[in-house]
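Computed from the coordinates by the stated procedures, all read-outs in this text should not be read as laboratory data. No experiment lies behind these values; they were computed from the predicted model shown. So basically every Cβ, Gly included, is an ideal-geometry build from the backbone, and we count neighbours across all protein chains shown.
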Amino acid sequence: MNRSRITVLLTCLLGSSAFAAEPIEIPADVKRVTALRYPRNADQLRLIQQQVQRVAAQSMPATVGVVVGAGAGSGVIIGSDGLVLTAGHVVGKADRRAKVLLPDGRELIGKTLGANHRIDAGLLLLDNPPADLPYLPVAKARPKIGEWVITLGQPGGTLDDRAPPLRLGRVLGGGEDWVCTDCTLVGGDSGGPLINLQGEVLAVHSSIGPDIVHNFHIPVAQIRKSWERLLAGEVWGNSLEEVVSSNLRPLMGIAGHTQEGQCQITEVFRGLPAYEAGVRPGDVVRAVDGEDISTFDEVSQKVLQKRPGQKMRLKIERDGETFRVEVVLAGIGHSSPRGEWDESQPQEGP
Amino acid sequence: MMPTDRMPKEMTAKNWQHRCCVRVGLMLLWAPLIIVAPGFAQETAPLHDWEEYADSRPFPTSRIEIPQWRLTDGLHVRSAFRDVIADVRPSTVRVRSDGRDTALGGIVGADGWIVTKASRLTGEITCVLADRREIEAQTVGVNRDYDIALLRIDAQRLNALKLAASPAPKIGAWLATVGMKRGPLAVGVLSVEARKIRHRAGVLGVLFDIDTQRPVIMEVFPGTAAWDAGLKADDELFSLNGERIPFRRPFIGRIREFNPGDQIALRVLRGDEVVDVEALLTGPPPGPMSSREDFQNRLGSLLSQRRGGFPKAFQHDTVVKPSDCGGPVVNLDGEVVGFNIARAGRTETYAIPIDVVVGLIEDLKAASPSP
């Protein structure tokens, strides 16, 4: 990467000209509705809809598909200078060739800059940004709980005949490094923008969990803290090598809580070991491997002490009856506990 | 705390604690959202290691509790649509196959015409009306391309939907999926305007012997269409829906032209016998992690067996169960803009646009024998 170019870029960014795209104003009547806990009637829903459609019209042209090596993700253009914000795991390493696919069919070429793998943020820079390059403003504020947000991206990869699908949701929760929404995400969305009702990029998509409301994004406010390092092409956090050698985490596939001194199971995820063993939501776990337990944390502790593939014996109480089940723990990164299909999938079709 | 008179009816004090919170956290499986082309997997190596990679990042390990009213598709937001769907609700029916809820449908003619999703119909079909009457239904016509069926029930003076070719909804427009209750079953927004949805090949579930050009089965995989149809190793496939196909490659190609959920008739040579079987094709093997993309798409919701190959459908982000497809979708003006046809992935539900459905109804009625 050319050093003088970085300096120019930095100057632009710090001089705020790179974020020149203007936020969209939120009319007073829309503000009144979004300040409510939830909309009460069709008129209020319509006000939200109007604002969402204004934001969608401005945001879709700047939402891009990103192909780096064999990986396909998404991204969002955030500067007329061709800066593209995406996820760290889309960028991978610095100085890789990146293909950036605009919804209008244009295919632009760029290079990866830096990646912060600790929080999963990355930047790309287009080689020759065209003069009419669409781009979005970037939010300064952190996501607010309950805020209405829009998700764009290229789930499943970029398709010629499909604009980036829009999804609407709200900020459900968050921490320093992450924000959780009920905007659904899936493979290919990585790096795509989470946008607020002012049309500003609020976060980039990162990962999902088993439930439909487990959609995780990285707040731009956090990414800004390492902006200069990213621009300079620095890559840090867990490198791929570290990841490969790291241990698998054992996984039972349940969620629960402690209620009245009992470990209550609230969710059992389909296809994961606990489900296969017959554990169901509402069950109370009385003992693990012969030891009595009374909190959900104790169960978590016991799982984390195990290795994937090991067995755990659970004593379960359901409808006043007590029984035992044996769960063979899976590991994240393992294929499934019953993976016969993967091996024996017909090669010759159908 | 919100005033109790505003509280949706379904939410009583007793189940408040259960229903008001969604928990996010502990012991979840984080799946990063990148697609890695299998052919290049070597180059970037860690196709299977992304999960660990994600796991090493600072995501929540403690539980956060989310009040129901904050959810976009929660009871409270859904309640705001009650007036919007009030006129459509009496025209919505529950479609049952052999006593099981398998789809929703919409009344499109006051003298007993009902539109629903075709591939969900098996065995004896009944329709439960808004007034709770359950009436036997006959399938009078099916359009396989759109997976739309026209049913007829023996009833008069029903509340038929007012179907008009209203302007197609714009991206970001609220859409409500109407069920049998006062509030909608689920709500979402328009994600992508109507387009052709790619065909997904039907799968029989056999491995062919590649030492011969004839379609001879080497292995039948458990839990597949072929397994359920009783096909066996060494069976030679003779014909498909009466069409003689003597070679392996064309036979495979012909099967793949069908959709998951389609039923095909196979004539099979087994030793000296000739055996006729019917097979209900599936999609690619539904093992828990058959492919990464498939796995992620199944996270958090079940998918429709037939979810591709529609000549024209719009995409919305409403989370709908496969057994709740087939019914009307309305916009904020209470107009029916389409019929849900498939839950297709974690982020997508497809609906056939109303102008297409209106045309199909006319065609199917015209082709049906008069009662």
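Quick notes
- Counting, for every residue in A:188-196, the Cβ atoms of other protein chains within 10 Å of its Cβ and taking the mean gives 2.
- Computed lengthening from residue B:365 to residue B:124, 0.36 nm per intervening residue step minus Cα-Cα distance: 84.7 nm
- Per residue of A:158-166, other chain Cβ atoms within 10 Å of the residue Cβ number 5 on average.
- Over the C-alpha atoms of segment A:27-75, the Rg to Rh ratio, Rh being the Kirkwood estimate, stands at 1.25.
- Annotation: peptides A:208-220, B:76-88, A:36-48, ranked by per-residue average of other Cβ atoms within 10 Å with the highest first, follow the order A:208-220, B:76-88, A:36-48.
- Taken over segment B:206-280, the alpha-carbon convex hull comes to 79 cubic angstrom per residue.
- Other-chain or far-sequence residues with amide H under 5 Å of residue B:93's (modelled H): B:105, B:106, B:107
- Calculated from backbone phi, Karplus (6.51, -1.76, 1.60) coupling profile of segment A:89-99 in Hz, x at Gly/Pro: 7, 7, 6, x, 10, 6, 6, 9, 6, 10, 9
- For residue A:259, the amide hydrogen comes within under 5 Å of the amide hydrogens of A:264, counting only partners 5 or more places away or on other chains and with H modelled in the peptide plane.
- Modelled spin labels at residue A:317 and residue B:139, positioned 7 Å past Cα toward Cβ, are 4.9 nm from each other.
- ³J(HN,Hα), Karplus 6.51/-1.76/1.60, whole Hz, each residue of segment A:24-39, x for Gly, Pro: 7, 6, 9, x, 4, 5, 5, 4, 4, 6, 6, 7, 6, 4, 7, x
- Translational diffusion of segment B:300-351 was estimated from the Stokes-Einstein equation, with Rh taken as the Kirkwood radius over Cα pairs; at 37 °C and 0.692 mPa s the coefficient is 297 µm²/s.
- Ranked by the mean number of other Cβ atoms within 10 Å of their residues, highest first, the peptides A:291-298, A:121-128 come out as A:121-128, A:291-298.
- Average beta-carbon neighbours from other chains, 10 Å sphere, peptide B:297-310: 3
- Once both labels are positioned 7 Å from their Cα atoms along Cα-to-Cβ, the gap between residue B:244 and residue B:196 label points is 3.3 nm.
- In this structure, the residue pairs whose Cα-Cα separation is over 29 Å, taken from A:302/B:321; A:111/A:140; A:144/A:225; B:196/B:365; A:111/A:144; A:111/A:225, are A:302/B:321; A:111/A:144.
- Cα-based reach from residue A:306 at 19 Å (exclusive), listing lysines while leaving out same-chain residues under 8 positions away: A:315
- ³J(HN,Hα) computed for each position of segment B:134-151 - Karplus, 6.51 cos²θ - 1.76 cosθ + 1.60, integer Hz, glycine/proline x: 10, 10, 5, 10, 10, 7, 9, x, 9, 10, 5, 4, 8, 6, 9, 10, 10, 10
- A cut-off of 5 Å between modelled amide H atoms, ignoring neighbours fewer than 5 places along the same chain, links residue A:183 with A:170.
- For segment A:65-86 versus segment A:155-215, the gap between their alpha-carbon centres in whole angstrom: 15 Å
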